Amino acid sequence: MPCAAQGLQLRTEWWRPNVVVLAVAIDSVNNVAYLGGDFSQLNDPDPPFSSVARQRLAAIDMNTGDVLPWNPGADGQVIALAVSGNNVFVGGQQVQCGGQTRPYLSVVDRTSGLATSWAPQISNGYVKAFAVNAGRLFFTGQFNSVDGVGRTGAACFDLATSTLTNWAPQPNDLIRTMVVHNGSVYLGGAFTTMAGVACERTAQVDDQFGNLLGWAPTVIGGTGVYTMARLGSTLYLGGDFSEVNGQPRNQAAAVGTNGTLASWNPAITQMVHTMVPFNGNIAMGGDFNNFSNMAIADPTTANALTWSGINGQVFAMAGTTTHLIAGGSFNAVSNYPVTKVAAFTPAAPSVALTVRMFLDGPYVSATQLMNDNLRASGLLPYTEPYTALGYTYSTGGATGTAAPTLLSVTGNNAIVDWVVVELRNSANSAQVVASRRALLQRDGDVVDLNGVAPLTIPAPPASYYVAVRHRNHLGVMSAAPFALSVNTTSIDFRSAGQTTFGTDARRVEGSRMVLWCGDVTFDRSAKYTGTGNDRDPILTAIGGSLPTNTLTGQYRQEDLNMDGVVKYTGAGNDRDLILLTIGGSVPTAVRAAQLP
Ligand SMILES: [Ca+2]
Ligand SMILES: [Ca+2]
């Protein structure tokens, strides 16, 4: 399912790490996302597709999706991140970080990326999880001492003084996750005892000394608890288990702070690695295939409100009111080639529609396909061309880049050109309510930048006229409005059965309908002679004097048959197509687009 239709918009412009992301932390004051993991490089999805080296740590400007100069580098896998004030806390297997020896827990300046003077001494092992609360940094992992003091797998620093506190719970195995709340620290992991007392994978300790308190749901099966999130007085547990407090619960469960198991039961099929609250719901990531590795669940009913089509594991998430960020090992989200980190923003309501159309210029009757010469010749631009022609989109309608992988697709789904799809007011069809760039395939399918239909267009579900525009063909609009919603509506302008506004809006070509070509000037009419005609620009393009000249290797308005050659005379020229469109005999005739 396209994510936009389900209330989330994927931000495809974010730079993309090349290898797994295991930790994500958001600095919501400065709108920066910090990423940790095992990557060595980040790649720009936009032209000229540049790359930067980043060893296991990177920062992304959440406003633009661009990688920031921040580059501390780490020589071992980064597993946990936290931000507090000017410090970024890096946990994992690294020894060198920010240019200094700072084993397992490294404190790095949030802007310079350099290690600060604070050098915590963690005994051999690794740091697994952080929780920042009320001026303290709680952390867990595998270690036996901190700053020379005995600490078994859990400890806490006072951030004001950079000194170890007295907090020292005593698990017999790994603590993977913590939630600090109301003077307590709720713990989840692989442990089965805490300070010698039986605790099956969960425990509650006080936040001063780590002494055991009463909350301890029994989690049975698999390898235990991997993540916890809190909403109000409910703690949500995720991981690898089959039973909580004697009741069946696969990989996810909810338990009140009073210890009562809630009915919440999303029945996830495989491992849940991460959970975060997100705008009043619980977002979950993992390697479960029943919600394609990420789900957002209602906190009471557990109904999944959205899912994202992530094609690999999600290991870490972070959420704010404006962003949900997922990191992992995936290589695509909703068919977009988004790798290792996916940023989503809450989306306005949208409608889904499948549009099909043919352009007369590149259309080949014998095959009922359009030619893709512009693409095959490497002339198609990676971004939409209509803004440069003076077209004004509704907000966000122009955004996005066609990936080189998409423009390398051949066959019937090869891309012919960029088009515009418009939704128009059902009470006033001259008014464009929403418009969006899209790509046209040889067989007539109009697809989004992920190469698949339907298009999801941000607009409230309602009735709209649907219009399509092309840069040198005459646009058309449906004769009647369609009731559009998140459920896909199909509109086929290739078919005579799909009626259109006006008279002779399309040309009949055998059993198909095609958009009239000939509008070189993109002014909604095809004109052969007189002021502002579409013919003279063709002559100008080839040099202005010698009509037998041709112009090749350019993406041009004048190339009406879209074969990659601007040609004024002779076989396969572009000029005659205008004459055919206006009627073929009276050169002063004009054909206007049938668009209000
Ligand atoms: Ca024109
Ligand atoms: Ca041509």
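Tabulated data for the structure shown
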quantity	calculated
The range 351-515 shape via C-alpha gyration tensor axes, a/c threshold 1.5	oblate
Column: log10 I(q)/I(0), Debye, Cα scatterers of the chain, q = 0.06, 0.07, 0.09 Å⁻¹	-0.41, -0.53, -0.76
Efficiency of FRET from Cβ geometry, T503 and S545, R₀ 25 Å, rounded to 0.05	0.05
Residues L580 and A366, FRET efficiency given R0 of 22 Å [Cβ-Cβ distance, rounded to 0.05]	0.75
Calculated [θ] (222 nm, deg cm²/dmol) that DSSP helices of n ≥ 4 give over the chain, each run adding -39,500 (n - 2.57)	-500 deg cm²/dmol
Extension gain from R524 to S408, taking 0.36 nm per residue of separation minus the Cα-Cα distance	38.7 nm
Cross-link reach list, lysines versus K567, counting only Cα pairs under 27 Å and skipping chain neighbours closer than eight places	K527
Gain on full stretching of the segment that runs from D61 to E13 - 0.36 nm per residue minus C-alpha separation	16.2 nm
Calculated FRET efficiency for the pair N144/N289, C-beta based, R₀ 25 Å, to 0.05	0.05
Virtual paramagnetic centre 7 Å along Cα→Cβ of Q41, amide N under 20 Å, in the range 336-377	337-342
Distant-in-sequence amide H partners of V83 (H built 1.01 Å from N, under 5 Å)	F89
Alpha-carbon centroids, the range 262-330 and the range 580-596: separation in whole Å	55
In nm, spacing of pseudo-spin labels at S184 and V590 (7 Å Cα→C-beta vector)	7.7
Label-point separation, N487 to A134 (7 Å along Cα→Cβ), nm	5.2
Which of N279, G475, G91, positive extreme of dipole for the chain (C-beta unit charges)	G475
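Any read-out appearing in this document is the output of simple, stated calculations on the displayed coordinates, not a laboratory observation. Remember, predicted model here, so these are calculated numbers, not experimental data. Note that each Cβ is placed from the backbone with ideal geometry, even for glycine, and that neighbours are counted across all protein chains shown.
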